[in-house]
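Please treat every number below as a calculation from the coordinates, not as lab data. None of the values given here were measured: they were computed from a predicted structure. All Cβ positions, even for glycine, are placed from backbone atoms using ideal geometry, and neighbour counts span all protein chains on display.
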Amino acid sequence: MTEWTLLKRLLDAVHQHSTMIGRLWLTVMVIFRLLIVAVATEDVYTDEQEMFVCNTLQPGCSTVCYDAFAPISQPRFWVFHIISVSTPSLCFIIYTWHNLSKLLQSGDPNNIVSLRVLSKCYVFHVCLRAVLEVGFVLAQWKLFGFQVPVHFLCTSPPCTQPVDCYISRPTEKTIFLLFMFCVGVFCILLNLLELNHLGWKKIRQAVRQRRRRSRGRCPRMRRGYETFPQDSPSLTSSLDFREGTSTTSLPTLNLVVGHQPDWTCTVNCGRMQSKREIRGSKQRSAEVWI
């Protein structure tokens, strides 16, 4: 009775500190996994090794053939799956209880830093849960496939020759195998939806904004020249506007002597200087000959 009370408290805590999709995942976990593995599969897999019949009388051959057919029992694999997938949620609940007790002791229940840490921990535990779901679904496909065969041909030693073995209730076991595989895929989709709900779109928008800001910091280039903004001090100090005599005439522009041009060449400057030097040397040589 004490174990069920503790389990109820843990499930209530997970239900309280989860999103709507997380609560749906918890419902699927309890109803479609825990209850089915604990109740429905008990009668189907009770005599799986006893009813695994092989047409041989050689001692130890039937046991070796059963181990080759099922390295791990399907119900035990599903129990291990449930425990492993539920561990991140239980760890998150324990961590949440610990932080909430600290907040109550400090007297500041609106601590933003602690709430941000809890939200990051929640996202991390959902990611870990999704990775575990994918791993166990792939392991189930690798170990058992999608169908429990009626006949199994065993060639493992110490069997001296190939032995025909027969599995009990193959159709019923195939149904359970496919059902648990579908539940695993559905739980993976729920985890991905919860991650999307928690802010994948916001993360992408933040990354895009950072990229745009980094691009905006670089100076604009137009045909090898750098452009200065209109209100730059270099532009306003180098140009001197003088008003005209009439109000209708446009202001005249006087360039200050010794002004450095605002348009600075950034491409092929070395080539232009070398061309000027060559032209000057040619003119000098022509004057000398004259």
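Descriptive notes on the structure:
- For segment 8-200: relative contact order, % (alpha-carbon pairs under 8 angstrom, 6 or more apart): 33
- Taken one residue at a time, the phi angles of segment 188-198 give Karplus couplings (6.51, -1.76, 1.60, θ = phi - 60°) of 5, 4, 5, 5, 5, 5, 5, 5, 5, 5, 7 Hz. Gly and Pro are set to x.
- Relative contact order for segment 137-205: 28 percent, from Cα pairs under 8 Å spaced at least 6 residues apart, divided by residue count.
- Computed from the alpha carbon atoms alone, the convex hull of segment 8-200 holds 131 Å³ per residue.
- Since only 165, 36, 84 are under comparison, the one whose Cα sits farthest along the positive direction of the charge dipole of segment 8-200, derived from C-beta charges on Lys, Arg, Asp and Glu, is 84.
- Förster radius 22 Å - calculated FRET efficiency between residue 76 and residue 182 (Cβ-Cβ, nearest 0.05): 0.65
- Note on residue 206/residue 131: beta-carbon distance plugged into 1/(1 + (r/R0)^6) with R0 of 25 Å gives a FRET efficiency of 0.60.
- Cα-Cα separations in segment 119-202 greater than 20 Å, expressed as whole percent: 54
- Within segment 144-183, the proportion of C-alpha pairs whose separation exceeds 15 Å stands at 50%.
- With both labels modelled 7 Å from their Cα along Cα-to-Cβ, the residue 153 to residue 42 distance reads 4.0 nm.
- Among 171, 27, the ranking by other beta carbons within 10 Å of each residue's beta carbon, starting with the fewest, stands as 171, 27.
- Using bins of 10 Å that start at zero, the share of Cα-Cα pairs per bin across segment 16-109 amounts to 13, 28, 23, 17, 11, 6, 2, 0, in whole %.
- Here the spin labels are modelled as points 7 Å beyond Cα on the Cα-Cβ line, and at residue 87 and residue 172 they lie 3.2 nm apart.
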